[in-house]
Structure formats: structure tokens, C-alpha cells
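K.L.:
Next up is a structure, given as C-alpha cells.
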Amino acid sequence: MDPQRRAGRAPDGDAERLPPPAEFQAGLDALATVRARREIQLEHIPAPQRLAPWSHAIGARVAEPVGDGSGEDDLEIASGRFIVLFDPAGHEAWDGTTRCVGYVSAVTDETMVDDQMFSEVAWSWLVEALVDHGADHHSLGGTVTRTASTRFGDIAGPEHSVDVEIRASWTAADTDLDRHLGAWLEVLGNAAGLPPPGVHLLGQGRAPGGSTS
């Protein structure tokens, strides 16, 4: 993440960008220190313009190398967005000034769509990651959705596939947003079936939940 990159929107849609509030800037500075694991590609994306006076957004994707290694034919197995909304006046629904919004979409194992515990397990990834990363937060809520698809006719992709989507939001109780982003990236890695950071397993395929098969 480039520490010189700054995102946000001036209140009331001012034509000229105003300096961010100190609290929001401190959160951006913390985000700029985050380095994702090598399997995850991060990029700055346009932030929502109407949800809060100030906002910042980061996109991420996980892909499996395919073809000549150029990246053009890589198979995307997971993607997501991490958005920070900031209202210096406070927001009653958030019970705070800073709201983190996370979205993850990933291709998962076909048998998992019938596992009634899978949604609970996927949600626990986020709950546990926030605690493990020391991300001080409250007012956490969200959904886990599993979708099974069958393709017919001339449509690229596997005939059968199962996707999982995790949507969540929570209020950050501090400006250490690097901890919150780190937790979200851990959830993305779990959804993509990545092994623990630093572990490289040879000759084994991907499976959901960070395990291998």
C-alpha cells in the first residue's frame, strides 16, 4: 500500500478536496502500512460517495496462475472490498465515527453448499480474525450466503460451481485500521482456501477454509 495515496471525499461534495480530519488521516496512515501476503493483490478502488462525508476503499483478488504465467488467463478464486466510512460528527447507527465494511466472494467446494454449519464457520473466520489481530470494534453484523450454480450451453467456466459471499460491517473503536484490514484479509485468505501465511504445500489442491485436499 502506498503511504502517499490518499482517498476520501470532502463534505458536501466540495469541488476542492479538503484536508481529511486528523482521526481519518490517522486511519489512512495505518492502512498504508499493510502488506498483503503474496497470493493477494491489493488495489485502490473508487470509494462510495454518499454513505459518509469521508470514505476510502481497497479492492483485493486471489487468482490461480493459468497458462503462460502472464496473469492474463489467471483463474480468479476470490475477490473482495474493504471500505472505511468516516463521519466526524458521529453516526447514531454506527455508535461511533468510523465504520468498516467488508465484502468477500469466493469459489468454494461444491459439497459445502449442503453443509448447514458452513455459514457459521465462515462467520467465525471474521469474528476470530478481528480478535486475533487486536482490532478493537463493536456493533458487528453481516451475512453469509452460499450459492450453487449450474451452467448450460456456451458459457465459460465449470459446469457446476458453488460461491460463498460474506458481507459484514463493524465500528472501529480506534484508528488502528491496519488491524481491521489485516483481519479482513485473513477472512479473504480463508475463503480462497489459502494455507497459513508462510506455508507452501506442494502437490495438493485448494480446499475451502484454508485447508488443502
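K.L.:
Among the residues of region 17-31, is there at least one that is open to solvent by 70 Å² or more (accessible area, probe 1.4 Å), in a helix (DSSP H, G or I) and either modelled with pLDDT of 90 or more or within 21 Å of residue 187 (Cα to Cα) (or both)?
P.N.:
Taking every residue of region 17-31 in turn, at least one turns out to be open to solvent by 70 Å² or more (accessible area, probe 1.4 Å), in a helix (DSSP H, G or I) and either modelled with pLDDT of 90 or more or within 21 Å of residue 187 (Cα to Cα) (or both).
K.L.:
Collect the residues in region 37-47 that are open to solvent by 30 Å² or more (accessible area, probe 1.4 Å) and assigned to a loop (DSSP other than H, G, I, E, B), keeping them in residue-number order. Can you show your working first?
P.N.:
Residues of region 37-47 that are open to solvent by 30 Å² or more (accessible area, probe 1.4 Å), as a first pass: 37-39, 41-46.
37, 38, 39, 45, 46, listed by residue number.
K.L.:
Going by the conditions given, is residue 144 modelled with pLDDT under 95, buried (at least 16 other Cβ atoms within 10 Å of the Cβ) and assigned to a strand (DSSP E or B)?
P.N.:
So residue 144 passes the test.
K.L.:
Shifting gears a bit: Name, by its number, the condition in (1) open to solvent by 40 Å² or more (accessible area, probe 1.4 Å); (2) modelled with pLDDT of 95 or more that does not hold for residue 180.
P.N.:
(1)
K.L.:
Let me ask you something else. State whether one or more residues within region 49-60 are assigned to a strand (DSSP E or B), open to solvent by 20 Å² or more (accessible area, probe 1.4 Å) and either out of contact with any Leu (no Cβ under 6 Å at 6 or more places or on another chain) or modelled with pLDDT of 90 or more (or both). Outline the logic, then answer.
P.N.:
Residues of region 49-60 that are assigned to a strand (DSSP E or B), as a first pass: 54-60.
Now narrow it down to the ones that are open to solvent by 20 Å² or more (accessible area, probe 1.4 Å): none.
No, that holds for no residue.
K.L.:
Here's something else I'd like to know. Within region 156-175, is there a residue that is assigned to a loop (DSSP other than H, G, I, E, B), of a type in the set (Asp, Glu) and either under 20 Å from residue 41 (Cβ atoms) or at pLDDT 90 or above (or both)?
P.N.:
Restricting attention to region 156-175, the residues satisfying the condition of being assigned to a loop (DSSP other than H, G, I, E, B) are 156-159, 173-175.
Now narrow it down to the ones that are of a type in the set (Asp, Glu): 159, 174.
In the following step, the residues that additionally are either under 20 Å from residue 41 (Cβ atoms) or at pLDDT 90 or above (or both) were identified as 174.
For region 156-175, residues assigned to a loop (DSSP other than H, G, I, E, B), of a type in the set (Asp, Glu) and either under 20 Å from residue 41 (Cβ atoms) or at pLDDT 90 or above (or both): present.
The values are calculated or read from the model by the stated rules, or taken from the named source; none is laboratory data. Quick caveat: nothing in here was measured; it's all calculated off a predicted structure. Note that we place each Cβ from the backbone using ideal geometry, even for glycine, and neighbour counts take in every protein chain shown. Note: accessible area is taken over every heavy atom of the protein model, side chains too, but ligands, DNA and RNA are not part of it. Shrake-Rupley method; radii C 1.70, N 1.55, O 1.52, S 1.80 Å.
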